[in-house]
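Participant: Please read through the structure below; I'll follow up with questions.
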Amino acid sequence: MRVTFYTRPRCGLCEEVEGVLKQLAAQHGAQVVRVNIDEDVEARRRYWDKIPVIEFEFEGGPVLCAPIEEMELGKAFSSTTTTTTTTTTTSTST
């Protein structure tokens, strides 16, 4: 699973959530991609007034915007783990 973390330098809220994000990502085997919105025109246009933003990159994945609570982030990881690890078995009769 890939998680994009939209941030910028000297963002206090970003610094607060980043440690928890890294810890949860490691526990759930997720890759965190860090995007500095000051260096990405499209990200800045979309999120300049919402950072930090954490986007779970799969269909229907949640997008969390500031302020992000630790419990909310934990629930997002738990729900995505359940969603992405569910498999369907199909049997055929002959």
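Where a number appears in this text, it was derived from the coordinates with a stated rule and is not lab data. Model, not experiment: these values are computed from the prediction. All Cβ positions, even for glycine, are placed from backbone atoms using ideal geometry, and neighbour counts span all protein chains on display.
Participant: Once the convex hull of the alpha carbons of the chain is built, what does its volume come to per residue, in cubic angstrom? Present the calculation step by step, with values, prior to reporting the outcome.
Facilitator: Working: hull volume 10.4 nm³, N = 94.
So the per-residue Cα hull volume is 111 Å³.
Participant: Points 7 angstrom from Cα along the Cβ direction at Arg2 and Arg44: gap in nanometres?
Facilitator: Simple spin-label model gives 2.3 nm for this pair.
Participant: Taking the DSSP beta bridges in the chain as the whole, what percent of them are antiparallel, to the nearest 5?
Facilitator: On the way: 7 of 13 bridges.
Approximately 55 percent, going by the DSSP bridge assignments.
Participant: Gain in length, Cys65 to Leu13, computed as 0.36 nm per residue apart minus the alpha-carbon separation, to one decimal in nm? Provide the component values of the computation, followed by the final result.
Facilitator: On the way: separation 52, 0.36 × 52 = 18.72 nm, distance 1.05 nm.
Working it through step by step, the gained length comes to 17.7 nm.
Participant: How large is the charge dipole for the range 2-85, taken about the Cα centre, if only the Cβ atoms of Lys, Arg (+1) and Asp, Glu (-1) carry charge, to the nearest 20 debye?
Facilitator: On the way: 10 positive and 14 negative charges, 18 e Å.
Value, rounded to 20: 80 debye.
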